[in-house]
Each structure stands twice: as C-alpha cells, then as structure tokens.
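Working notes, structure below.
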Amino acid sequence: MRILLLLAALAAASQAQTDCSRGACYPPSNNLLLGRADQLRASSTCGLTGSEVYCTPYQLRRMKCCPCDSRNPNGPLAHTIQEVLPTSGPDRWWQSRKDVSPVTLQLDLDNLFQLDNLVLSFKGPRPSALVIERTLDGGRTWTPALYLATDCQRTFPGIPTTTPRTLEDTYCYTLPPTEANPYQDHTIEFSPLRQYAYVPATKSQKIEDVSGLTGLRVRLTELGEVPRLPGRALSRFFGLKEMRVMGSCMCHGHANRCLPEAYNNPLFNTIQVNPQCDCQHNTAGVNCERCADLYNDLPWRRAEEADTHTCKRCECNNHAQHCHFDQAVYEASGRRSGGVCEGCMHHTAGPRCDQCAPGYQPNPRSRMDRPDACIRCICSAEGTVNGGRCDDSTGLCRCKAYVEGPRCDHCKRGYYSLSGSNPLGCTKCSCSPDGSESDVCDPLTGQCPCRPHFHGQTCDVCSKGYWKPFLSEHCKPCGCDSTRSHGDTCDQVTGQCQCRPGFGGRTCTSCPENSYGDPLVGCQPCRCDFDGTLPEVCDEQTGACLCRPGVIGSRCDSCGRGHCDSFPACETCPSCFFTLDAQRRNLSVALERLSPVLPSRPGGDTDIGKFGPRIRALEASLKLIQDSIVLPPPIVKQIDDALSRLDTLGEQVDKVNDGLPPLERTPGLDSELDKLKALLDGLTVLYKAKKGAMENSISPNNTGAFSAIKNAYDKSEDAADKVDASGDTVKESADVREETMDLRDRVQPANTNNLNKLNENMASRPDLTPVAKEVCGSVRTEPCTPLRCDGGALCPPEGTPTCEKGKKCVGALPLSKRAKADSKDVKDRLDKLSAKVTEAAEKLQETQDSTNQVRESAEKLSNNLKNTRDELEDDLKDTRDVVKQLKDFLSDPSSNLTQIQEVSDWILKAKLPLNLASLKRKLEELKNLAANLPDSLAVLKEAEPQLDTARKLLQEAKDARDTALGVKTDVDGLLAGLGSVEGSLSDAEDKLQNTMELIDNLNNDLTKAKDQLTPAEKDLDDVSELMKPMKPQLDELKARLKNGTQQAQDAQENADKAEKEAAAANEDVLSLEKQLDLLKDQAAASGSGGEAGPVGDRLAKLQQDAGALANTTEDMMKSLEGKADSLRGLQDQILQKSTKLEGLDDEVKDILSKLRKKAHDLLTCQG
C-alpha cells in the first residue's frame, strides 16, 4: 500500500512538472553537450604539437607507457576534449598535458539554459581540487557554484565547508579519498537544486537564482597525488572520460518543452536541447521572458508552484495588435491594469483605443469595439480645442478663442496665422496706431494696411527719406541738405542725416560735433574740457562751453562753489559745508551792520535799493524754470539753494532799506549776484537742452522703449487671454489634486501602521554584527540593531593597526587598507614600467625609421643600377654597331684607301680614358661587390618578423601594465589580483627586455646593410664616370666611319664613271690603232718620203706618249701595292682591338646580368 501511495505521489509530481495549467512547468532534461562539441574547449590537451608519452600503473607495482598524439583529432592516439561526449566510441577520453595546472574546461552556450545536473567521469588520477563556475553574461564574469577539494581548508581558505543556508552562499565539498589506486575511474556529480535543498525557498525561486547559465566552466586547479614506483616516475595529468551537462531551456516556469529549430533538417540536427521555449501563459520570447504582444496589462512575472502568473490581455477594443506595460498607469489604477495600447487602428486613439483620432468622430450607428467605430469629421485640427474632434453630443466643431467658422478654419477679424501649436488658434494683429490705417491685418500673413510714408508688416517703420520724431504720429521728411549729405536717407529714430566730411547737425547744415562756427567759412573746434561739458560741448555759434551742473570755468574744467574739488566728478559738498557757510554769511552780515559807512563800489555809486527788483526778477525766472520742467534731484537742490539764498538776500535788502542810511551798501552783493546770474545761465542752458531733446527726439532709446512697452502690452494681453483659455485645464488639475488627496487619505493610514511596525521590528532586527564583521572586521559578538546596540562600538576604533601582509584579513575595510598599501607599491613599479615602455616604444620607432631608410637606400641603389645598366647596354650597342661598321668599312673593296688610312691612323692615335687592365680591374671590383652585396630582401624579411615580435612584446607589456592598472582600480578584487599584478609586471619587464634586445639586433643588421650599400653606390658611380669619356670618342669614330663610307660610295661612283670612260677610251685606242695600221699600209704603198716624214713623226710621238702613260700606270700600281700592305696591317690591328672589345663586351654583359638580379631582389624586397 505504501508503495502504491509513493508511486501515486511521484506521478502527481511528474504531472505537475509538465502540466502548465496548475502552476510552474519545466521542460525535461537532456544533455546540453550533444550537438555542441565545437562549443566545448580545453586550455590544455596532450599531443597537439607532437607525440607525448604517459606512464600509468599496470598490474601490481608495474607500469605501462602509452603515447598521446592529438595532431590528428580522429586518430586512435588522440585525446581531444570532444572525446568526453557520449557519442564518442569506447576507450576514448580527454587528457591534458603532463604536469600542467590549472586547466580549464569551458562550454559556451550562447543562450540562457537551466542546469539540472553535471556529471564528470575522470580517468587517471582524480584532481585534488576543482571549481565549478557559471556565467550569465556570455563569459564576461564568472560566479563559483561549487568548490571541491580533498583539503578545503588548505586549498580554498575562507570558503565555508557547511551546506549553504541562503541562495547567495556557496561552499567547498570535501572529496572522498581515492583508495589505494588513484588511477581508477572516479565520478563527480553536481546538482544546483540538491546543493540548496535546505534553503527555505520555493523551487521556482531556486531555479531562477542558481540554475540559470549561459556558459559553464570547470577549473581543475590541483593535480591528484600519484604513488612513487621504482624506476621511471608515473605521469601526473588530468583526464576526463565522460562529461554530461544535463539541463533544458530556461523558460521561467512558462513552458514544458523546448522547440526544435525549424530551419534545421531534423535528420542532420544533432542538438538535443534548443534554447527556444514552447511558451505558455500568454508569454513570448526565447526564454518566455516577456508577455506576448497584446498581453501586457499586468507586469510579467515568473510562474510559481501554485500560480501561473498568466499575462493578461490588454483592453484595446479590437483596434490594436500590440501594447506595452506602463508602471505609472498600473499604480494609478490601483495596481489593476497597466496596459497601454500601441498603434491604434481604425482611426482610434487613447491608451485603450477607446477614443476617435483627431479629425474623426464616433459613429452613432456603431460600437467602439467595431472597425467602423469612428468616422471622419470636417473640423480643422489646427483651429479646434480638441485637435479636430467633433463634439460628442452636438457634432459641431469647438473653435479656439480667436478662430471662427463652421469648420474652425479661419481667424477672427483682427487676428492672423492659424496654427495648431497656438492654444488660442491665431495671433492678434499688432498694427501700429500711427502708421496703420486700421487694426485689421491680413488673416494669413499679418500684413497691416499702411498709411503714406509707412511700411513694414505692422506699419511701424517710416519709408526711405522719412523719419518719425518721438511722440509724433507722422513720418516727417529727412530734409537732408543735398550738397552737404550723402543722400536723402536719415536715421529712423533720430532723423540724423549721413553728413559729408566737414558738416554736422541733423540735416548736415552746421558744423560737426565738438566744433562751432559757419561750415562754409570754417568750423573751429570747441575749446572745452569734454569731461566737464554737456553732450553738446559748446554753443554752435559762439563756441561758449556748456558746463555740467557743478562745473564752472570758461573751459568747464573746475568745480563750482558747493562742490568738492574732484573734477570731473565735482560731487556736492557734505551738509557740514553749507552749515559753516551759513554761519560765515551771518557773521558777514553782522560785521556789515557794524560798519557805519557803506563803501562805494568800484564802478560808481548806485542806489542799493535797485537790487530788490533784480532779485525779484531772478526769483520770477527761477520760478518759471521750476514750473516748466521736471528736474532731477541735484538740480532741484541747486534751485532750492538759490531761492534760499535769494530769500536771505531779500531779507538783508529789506533790513538795509529800513535800518541804514540811503547810501549804506553791503559789500559782496555784486559778487553774489554774479554767481546767481552764472547759475541762472547754466540752468537756462540745461533747460534749453532738455527742451530741444524733447522736441527733436534726439535720444534713440525713446521710440524703442515706447515700442517695447507697446509690444509688452500686446503680449500681456495675449498671455491674459491664454490664461483665461487655460482655466479648464487648471480646474481639471485641481480636480486631480483633490482625487490625489483623497487617495492619500485612504492609503496613508495603512502606510503609517506599516511604518510603526517597521520601527518595532528594527529594535530586534536586522542584526548588524555579522555585517560589521564583513565590512570593518568587527570583533563584536553581541547583537546590534539600528535601534538597540549596547556593549561597545560596532567597529574597531580609529587608529587600530592594519593587518599585515601574508596574514588573513577579515572585513572589507582592513582589506582595503592593506590593498591601499600594496597598490602603492604596485603603482611605483607601474611608473617604472611605464617609463621603460615609453623608452622601448621610442627605440622601436627609431628602428622602424632605420628600416625605412634602408628600404629607401635599396630603392635608390636599384634605380641607379637600372639606369647604369640601361646606359651600359646603350653604350655596348653603340660599340658593337661601330665595330660592325668598322669591319664593313675595312672589308669593303670599294672603300677609299686614303680614308681607310685616316681612320686607321685615328684609331692608333686614340687614347682610352684608362687602360684595359684598369677597366677590367674596376669591372672585377664591381662584380665582387655585386656578389657580396647584402640580400636586402632577406635582411628586411628577417627584420619584419622581428619588428612584429618587438611590437607584439611591447603591446603585451602595455597590456600587462593596463591589466595591472585595471586591477589597481578594482577595490573589491584588489588583494586577489595583486599577485597577478606582480606576475604581470615581471612578465612585462621580461618582455620589455626581450624587446630591447630584438631592437638592438635589428639596429646592428640595418647598420651593416647601410655600410655595404654605401660602397656599392660609390663603385657604381665610378663605373659611370669611367664610361663617360668613351662616348665622345665612339661618336667621333662613328662620324669618321660615316664620312669614310660616304667617300667610299663617292669613290665607287667615280670608279664606275672612270671605268666607263676607260672603256670608251679603249674603243678610241682600238679605232686609232686601226687607223694607224691603215696609215702604215698607205704609207708603205705610196712610198713617198715627203709625206712619210710627218706621219712618222706623229706616230713616234704617239708611241712615246703611250710609253710614258704605261710607265706612269706601272708606278701607280706599285704605289698602290705598298699602300695595300700598309692597309692590311692596319686592318689586322683594328680587328685585334675589336676582339678585345668583344671580350670586354662579354664581361660587361655578365656584370649587367648580376646587377639585374640584384636590382630585382631589391625591387622585390621593396614590394
């Protein structure tokens, strides 16, 4: 009965694993290695570079030695990592190289999978320590899943040996002993779920936290111990007979099977576990890691044992195929719905596609979940308040504030530029009240109707030739003087014309600024101090300086009475001055009253009573000025002071008139009146200046300020209208705020209760003592919570000695302090390494430059060799042609003997630039030099890999330095990385030393190449210099041969002509002989002596002439015979020299062939 119950429970559990309707479901496990042999790799494999012999125990106290040769992976002696797959044949296993540790086995899965079980069947000595690691980011970071060792405390200090109590913990499992024979097969199994069996968490949570992986790595960190036998030692290595990685695709509890890859042929697809899940619960993705496109109304969650957490369909009224989850919407709905529809179709819009899109209105004859729910409306989207939608109840268009029309498609009167971005719809016309005929503008462009002499969109600018004075409603002509200005164009604000040089004033009819007089006669510069004058400087007609208030003097260069002597500031004196001055005046009055007689004025005697009317006139003038203009406070103060002084003088006059005789005079009154008169004149000038400025509108800022005020007023009106239009929005905001306050009132009490409970819990937990131990190395044993921490400090006090190097440190803070000290030492070594790296880089660059120079020298020598070869070939060709012509000339029977003699004499007398022996010796040197010339191709080919090696070593040194720097900045892993940093620094220093030695060797080779190339260039230049003098002689010989040939041709023609004449003469001689015989016969027949005498004489004379002719011919023949012997001798000498030249020709050809070969090598090297 119990067995039946157990079987029923197992069946129910198995069904629960595959039935996705009840809760979380998972696919069945299979071997992840099958079909992924190329994704499994080992860091060490025996026999990859050559056969290796391994010795293992055999029978009792014997051993056998077998080879490993993995150069052919399919060979019988190969032991590659692919042999661990179950598909390998019997007696196949993977084996590492001897005495290599650690060794890493790594499986890259490229996708997320779920690991259920790992089985490692070792062959040979089992490892004494190994670590199983997993990665979730494709191998960028690795997390230890399990440590295994025969001695965990020694091999992995600090790693717990007890079963984990939380999913974040790991531990070291102690391997059992290997009995008597460590070479027998051993099997190790690892299951993440069994490892965390005692952790209080659900299975789904365990699978999520500890079973997921995108890659698996097994680090074999320590070789197993082997027995010692007499004779040859047994081999130590890692061997793995079989490796099984059992798992499935990671589906987060939302699938019960993995889909096969559809694009692979099932007959050839050897992958047993594919990454794609057959997703259920409305999920999607390779790992069911998200909700399907239209099922995002709730947040995605992994399935649990009793809850599928099925994704909920978004409510989009059948108008969308996609939606997304919005956390804010979810929270606002009370965590009931957070789906937002995407791509609403059928002219709908809104988070649920429950509204009509702009330009459409609800269809009264349909429902919102039908395709014809919305129909087009005729409202303008730009002119309506709701983006073109019609009113749901009336169907009419709701126009914006400044828009009108049945379709809300045009602006109201006085507005323009209909725009959807404008909340009021249109912009108010801003026509100028002075320049525009009305306030109505063009509804599209905003152009106002302008009055004459105005233009611009708002008619606020005067036309060319006009300007608008301040506070004037019309544009006035500029009135520029046609002869004294550059044209009838003036400034729009000030009316200032563009004056020619030497003229000034607004219309260019007066002198320029800072001058006075008549411009036609000549303007004079104002002789004033500019710091003490008004902007006009001086009077345009008289040149009198116009002083600022408080400044006096003909040049306005000193301060007046009542002002400090601090020109040009001339600040008003402090109040104490005026108090003392009043006291002084009172004393003066008292003294004057004591004087019995009023002294007479220098200018004559006058009645003192006449001063009264003058003083009253001054008072009246000051009153007029005071009532006419509004003066700044300093001017008002001056006027008040002047009036006060006038009142005092009036009182004094009255007293004088009442109490003194008629002739009594008060001294100083004239000077006081003169000062008052000067002050009155200054105020009069200031009054005129202010009045002129007001009338002529000289200040350029008034109109601009007025326009700015007007524009600001218009904008403020528009803003007020916008504020009025936004009233509904503000009301809605207030309603939302009220709802939010209600929601807060409902939710806040519960939050307050939770906070109170949290405060109560914080009195008992969490216990901060374990955390303090991990952070600051606390030695505290009593519990410590945030609200109760009695019994001493939580962390060691400041100044506690840091842990020493080589000893175990507890706590992140002590570790960081020790790491800081170690990092400083590493930093110093890094600085030295950086300096060496820089030096090596500079040396490498110098070597590269030397290599480039050798290439350039070789290229230059190659070009010189090519040019010299071409020149020698041309010279040899010319020499051969000359020799051939000479032979032809000498052997031609028709050649003139005289010309042959001349050419022969010239050849015998000709002197070569050097003798034959010197030329042969120089050619021999060149031949030897060519033979000993360094093979630049070989040198540079040899240098290129050495340079690459140097660059590689230098880059490795830099990488080691960068690695050290990276470890230095990694505070968490600093202590573990400092050892690798020191190793990297040592490796970097060794590689730098190798780099420096390689660079020195390269520099020596390049120096030798340079030293050998230099004499080659010199000898080649010497040969070229030796050949140069021969060319002119060859050219001269060629010319003589050409001349002799031409003369021989002429002689041949003359000989032919002479032959013809000789033949004709022979015929004449024969005819004469016949006639002579006839004459002889006639003479014998006649017998007359008288006639025989003359005839005989004639015959005798002819006979003598014939004899003389024969003698002359014989002498010429003898002479020619002598010449022929001489010519034959010369011909033999020339032929001998030609033979010698032919020998030299062969030697030059041989040298040229070697030079061609060497040039080819250099060119090939260069390429």
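The values are calculated or read from the model by the stated rules, or taken from the named source; none is laboratory data. Just so it is clear, the structure is predicted and the values come from calculations on it, not from any experiment. Cβ atoms come from the backbone with ideal geometry, glycine included; neighbour counts cover every protein chain shown. With ligands, DNA and RNA removed, areas are computed over all heavy atoms of the protein, side chains included. Shrake-Rupley method; radii C 1.70, N 1.55, O 1.52, S 1.80 Å.
What the table shows:
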quantity: Looking only at region 552-573, and only at residues there that are among the hydrophobic types (A, V, I, L, M, F, W, C) and touching a Cys at 6+ places or on another chain (Cβ under 8 Å), the one that is surrounded by the fewest Cβ atoms within 10 Å (Cβ to Cβ); calculated: C564
quantity: Region 322-342, residues that are over 23 Å from C356 (Cα atoms) and part of a loop (DSSP other than H, G, I, E, B); calculated: G334, R335, R336
quantity: Residue list for region 226-266, restricted to those being hydroxyl-bearing (S, T, Y) and at pLDDT 85 or above; calculated: S235, S248
quantity: Residue selected from region 228-257 under the condition hydrophobic (A, V, I, L, M, F, W, C) and touching an Asp or Glu at 6+ places or on another chain (Cβ under 7 Å), by the criterion surrounded by the fewest Cβ atoms within 10 Å (Cβ to Cβ); calculated: M246
quantity: Options L193, L298, L213; residue that is part of a strand (DSSP E or B) and aliphatic (A, V, I, L, M); calculated: L213
quantity: Checklist (1) crowded, with 23+ Cβ neighbours inside 10 Å; (2) under 24 Å from C25 (Cβ atoms) applied to L220, failing item; calculated: (2)
quantity: Enumeration of residues in region 175-198 that are modelled with pLDDT of 90 or more and among the β-branched types (V, I, T); calculated: T187, I188
quantity: Residue in region 365-379 that is in contact with a helix residue (DSSP H, G or I) (Cβ under 8 Å, 6 or more places away or on another chain) and open to solvent by less than 60 Å² (accessible area, probe 1.4 Å) present; calculated: no
quantity: Odd one out for Q355 among (1) closer than 27 Å to H281 by Cβ; (2) in contact with a Ser or Thr (Cβ under 7 Å, 6 or more places away or on another chain); (3) open to solvent by 30 Å² or more (accessible area, probe 1.4 Å); calculated: (1)
quantity: All positions within region 104-138 that are small (G, A, S) and either part of a strand (DSSP E or B) or crowded, with 21+ Cβ neighbours inside 10 Å (or both); calculated: S121, G124, S128, A129
quantity: Yes/no for S600 being at pLDDT 65 or above, loosely packed, with under 15 Cβ neighbours inside 10 Å and over 60 Å from the mean Cα position of the chain (by Cα); calculated: no
quantity: Some residue of region 181-196 being touching a Phe, Trp or Tyr at 6+ places or on another chain (Cβ under 9 Å), more than 29 Å from N111 (Cα to Cα) and acidic (D, E); calculated: yes
quantity: Test result for L396, within 49 Å of the chain's Cα centre (by Cα), surrounded by fewer than 22 Cβ atoms within 10 Å (Cβ to Cβ) and among the hydrophobic types (A, V, I, L, M, F, W, C); calculated: no
quantity: Matching residues, region 530-551, being within 60 Å of the chain's Cα centre (by Cα) and open to solvent by 40 Å² or more (accessible area, probe 1.4 Å); calculated: F530, D531, P535, E536
quantity: Residues located in region 451-485, provided they are among the hydrophobic types (A, V, I, L, M, F, W, C), surrounded by 15 or more Cβ atoms within 10 Å (Cβ to Cβ) and under 30 Å from Y415 (Cα atoms); calculated: F454, C459, V461, C462, W467, F470, C475
quantity: Condition met for L520 (assigned to a loop (DSSP other than H, G, I, E, B), among the hydrophobic types (A, V, I, L, M, F, W, C) and over 30 Å from P452 (Cβ atoms)); calculated: yes
quantity: Long-range neighbours under 7 Å by Cβ, at least six apart or interchain, first residue at negative phi within region 505-523, second open to solvent by 70 Å² or more (accessible area, probe 1.4 Å) and of a type in the set (D, E); calculated: S510/E540; C511/E540; Y516/E540
quantity: Whichever residue in region 486-509 is small (G, A, S) and in a loop (DSSP other than H, G, I, E, B) and, among such residues, is least open to solvent (accessible area, probe 1.4 Å); calculated: G495
quantity: Residues within region 162-190 that are under 28 Å from G253 (Cβ atoms) and outside any loop (DSSP other than H, G, I, E, B), tallied; calculated: 2
quantity: Odd one out for H319 among (1) part of a strand (DSSP E or B); (2) farther than 30 Å from L418 by Cα; (3) over 45 Å from the mean Cα position of the chain (by Cα); calculated: (1)
